[in-house]
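Only the coordinates and a few stated rules stand behind these numbers; no lab work does. In this text, all values refer to a predicted model and were calculated from it rather than measured experimentally. Positions of Cβ are generated from backbone atoms using ideal geometry, with glycine treated the same way; all protein chains shown enter the neighbour counts.
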Amino acid sequence: MSANPFSEITQEILDLAKLSQKNSAIDPALYEKLDVKRGLRDINGKGVLAGLTEISDIQSTTTDETGSIIPCEGQLFYHGINIKDLVNGFITEKRFGFEEATYLLLFGQLPTEVQLKNFTDLLARYRTLPTSFVRDIIMKAPSRDMMNTLARSVLTLYSYDDRADDISIPNVLRQCLQLIALFPMLSVYGYQAYNHYHEGQSLYIHAPDPALSTAENLLRILRPDSSYSALEARVLDVALVLHAEHGGGNNSTFTTHVVSSSATDTYSTIAAAIGSLKGPRHGGANIKVVRMFEDMKATLDDWTDESQVRQYLRALLNKKAFDHAGLIYGMGHAVYSLSDPRADIFRKFVKSLSEEKGLYREYQLYSLVERLAPEVIGEERRIYKGVSANVDFYSGFVYSMLNLPTELFTPIFAIARISGWSAHRLEELANAGKIIRPAYGSVAPRVDYVPLHQRG
Ligand SMILES: CC(C)(COP(=O)(O)OP(=O)(O)OC[C@H]1O[C@@H](n2cnc3c(N)ncnc32)[C@H](O)[C@@H]1OP(=O)(O)O)[C@@H](O)C(=O)NCCC(=O)NCCS
C-alpha cells in the first residue's frame, strides 16, 4: 500500500483495471487481416503517409537496379540541406550552430551573416521570463520530473500572454521564438528548484548572458560557477542541432501537428508535445543507455573482454540483465537501418571529449558495444531492416561527460526539439489544414442494451 493516499491503488481499482484490460484486448491477428499498420509503420519502418512537409527529410532506403527497395546508410536533411554538411559548415567556421539550424527550420533558408546576428539578438532579448515567474511558478511545488516542470511552466505562460489565443502567423512566431529562447531557463531553473527543495543542495539561479549562444547559456546557468570549456559548449551545441528536428512523423512532432490542427493555442500545443517527448520510447532512451552501461561496468570483471561483453548483451536480450526489458538501449531505430547519421556525427565529438575528460576507456567500451550489439540482436531477433546505433547511444554518454544531471537529459532534447515543433506548428497553420482525424476500425460486435435491473 502506498503511504500517500492520493497515489493509493485499492483492491477496487485493481478489479476494475482487470475488467478494463480484459475488455480492451484486441486479437493481434486482426491487424494483419485488416491491413492496419501498428504504430502507423510497416515492418520496414516506413510510416503511413499522413502529411507533407518541407522542413526535413529522413532517408533510410533506396532502390536497387531492379527497382526493389533496399536499406541504405541513413541521411537527414533540414530543408534539403544534409545535416552532415550543416554541422561541418559551422564547425569549420568555428561558430555555434543551434541558432543557425533554428533559423533554417523556421524560415526555410540559411541566414546571411546579418540575418543570423539579428536572429541571435532577438532570441537573446526574448530570454527574459515575466517578472517573478521563477519565484511564483518554478519555485512553487517543484516536481521531481523536469519534463513535468517544463510542461507546467509552458502552460502557465499562457496566463502571462495577452494574445495567448491568437493563432495568426506573426503571433505564433513570436510565441515560438519566446519559447525557444526560454526553454533552457525553464528547464534548468526547474532542476535547480528540485535539487534544492528535494535533494537539499544549494540553490543557484544564474541569469543568462545575452552575448552567449544557447549551448553556452545552458552550461552557464546550470553550473554553480558558470564555467565550461570551449569543447564542452561546442559538443552540447552539436547535440542541440542533431536533436532539433526529425520529420513530421516522430511522436512529439506528430502530436504538434494533431493539436495545432484543432486551432488551439501555442502553449497547449507545446505542452502536449512535451508530454509525448517525456515517454521512454521517445525522448527518455538516453538515460537508459547511461544506466545500462553503468550496470555493465559494475557486472563484468573485465569490460575490455569481448566475450564477456557479448555475453552481457545476450543476457540483456534474454531479459536476464539490467532492467529485464529485453532491450539493448541505444540500438535500433523505427526508421533507420544501416546507420543513424546523428550517431555518426556524434561519434567523432564523443572521442575528443572522452580524451579531454580522461574517459577514453569508456569510449572504447561504447565502440565495442556498437560493433557487437547488431550481431547479437541479429542472432536473437528477427531483423527486417538492420539495426545500428541510434542518436541516444552517444547522447547519454556525452551528457554524462558534460556532468549534466540525468534529470536534464530529456529536457535538453526538448530545448533542441522546440525548434522543430515550432517549424511544424507554423507549417500546419500556414497551410490551413483540416483538423487531423484518422480512422480507427471498430472490431466490436453490436450488443443489445440491457436495462439495469436485468443485468447479471
Ligand atoms: C527503437 C525501436 C523501438 C525500433 O524497433 P522496431 O521498429 O521494431 O525495429 P526493427 O524492425 O528494426 O526491429 C526488429 C526486431 O529487432 C528487435 N530490436 C530492435 N532493436 C532492438 C534493441 N535495441 N534491443 C532488443 N531488440 C531490438 C525489435 O524488437 C524487433 O523484434 P520483434 O519483431 O521481436 O519485436 C527498437 O530498436 C528499440 O527498442 N531500441 C532500444 C530503445 C532505444 O534505443 N530507443 C531510442 C530510439 S531513437
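Once a ≥ b ≥ c are taken as the square roots of the eigenvalues of the Cα gyration tensor of the chain, is the result rounded (a/c under 1.5), prolate (a/b larger than b/c) or oblate (a/b not larger than b/c)? Intermediate values should be presented prior to the final figure.
Values: a/c = 1.27, a/b = 1.10, b/c = 1.16.
Rounded.
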Pull out a ≥ b ≥ c, the square roots of the eigenvalues of the alpha-carbon gyration tensor of the range 282-400, then state rounded if a/c is under 1.5, prolate if not and a/b is larger than b/c, and oblate in the remaining case. oblate
The range 1-112 shape via C-alpha gyration tensor axes, a/c threshold 1.5: oblate
Net charge near Tyr363: determine it from the other residues with C-beta under 14 Å of the C-beta of Tyr363, scoring Lys and Arg +1 and Asp and Glu -1. +3
Based only on Cα atoms, what mean projected area does the convex hull of the range 169-310 have, in nm²? 12.4 nm²
For the pair Lys351/Ala432, report the inter-label distance in nm, with labels modelled 7 Å from Cα in the Cβ direction. 5.3 nm
Tell me the label-point distance for the pair Ile26, Ala334, using the 7 Å Cα-to-Cβ offset, in nm and rounded to one decimal. 1.6 nm
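Within 10 Å, at most 12 other Cβ atoms, and a DSSP state outside H, G, I, E, B define an exposed site. Report the longest part of the chain free of exposed chymotrypsin sites (Phe, Trp or Tyr not before Pro). Show your work: numbers first, answer last.
On the way: sites that count: Tyr384, Tyr440, Tyr449.
That would be 1-383.
Take the cross-link list Lys319/Lys348; Lys351/Lys385; Lys278/Lys351; Lys46/Lys297; Lys37/Lys385 and give me the ones stretching past 25 Å between alpha-carbons.
Numbers: Lys319/Lys348 32 Å; Lys351/Lys385 28 Å; Lys278/Lys351 28 Å; Lys46/Lys297 36 Å; Lys37/Lys385 16 Å.
Exceeds cut-off: Lys319/Lys348; Lys351/Lys385; Lys278/Lys351; Lys46/Lys297.
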GluC sites (Glu not before Pro) within the range 13-109: which are DSSP loop residues with at most 16 other Cβ atoms inside 10 Å? Glu54, Glu65, Glu93
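R0 = 56 Å: FRET efficiency of Ile383 with Gln454, Cβ-based, nearest 0.05?
Working: r = 54 Å, r/R0 = 0.97.
That pair, Ile383 with Gln454, gives E of 0.55.
Grab the Cα-Cα distance for Lys320 and Thr66, subtract it from 0.36 nm times how many residues apart they are, and report the gain in nm with one decimal.
Numbers: separation 254, 0.36 × 254 = 91.44 nm, distance 4.34 nm.
Full-extension gain reported as 87.1 nm.
Go ahead and run the numbers for FRET between Val36 and His196, Cβ-Cβ distance against an R0 of 56 Å, rounding to 0.05.
Numbers: r = 49 Å, r/R0 = 0.87.
The calculated FRET efficiency here is 0.70.
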Using a cut-off of 16 Å between alpha-carbon atoms, which aspartates and glutamates can reach Lys94, once sequence neighbours fewer than 8 places away in the same chain are excluded? Asp85, Glu113, Glu216, Glu232, Asp237
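Looking at the range 300-361, which trypsin sites (Lys or Arg not before Pro) are DSSP coil and have at most 16 other C-beta atoms within 10 Å of their C-beta? Walk me through the intermediate numbers first.
On the way: sites: Arg310, Arg314, Lys319, Lys320, Arg342, Arg347, Lys348, Lys351, Lys357, Arg361; in loops: Lys319, Lys320, Lys357.
Here the trypsin sites (Lys or Arg not before Pro) that fit, given the DSSP loop and packing criteria, are Lys319, Lys320.
Given the DSSP H assignment, sum -39500 (n - 2.57) over each helix run of at least 4 residues in the chain and divide by its residue total; what's the result at 222 nm in deg cm²/dmol, nearest 500? Mind showing how you got there, number by number?
Values: 17 runs with 239 residues, N = 456.
So the calculated ellipticity at 222 nm is -17000 deg cm²/dmol.
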The answer for the net charge of residues other than Ala343 whose Cβ lies under 10 angstrom from its Cβ, with Lys and Arg +1 and Asp and Glu -1, is -2
What FRET efficiency do you get for Val443 and Leu16 if R0 is 22 Å and r is their Cβ-Cβ distance, rounded to the nearest 0.05? 0.45
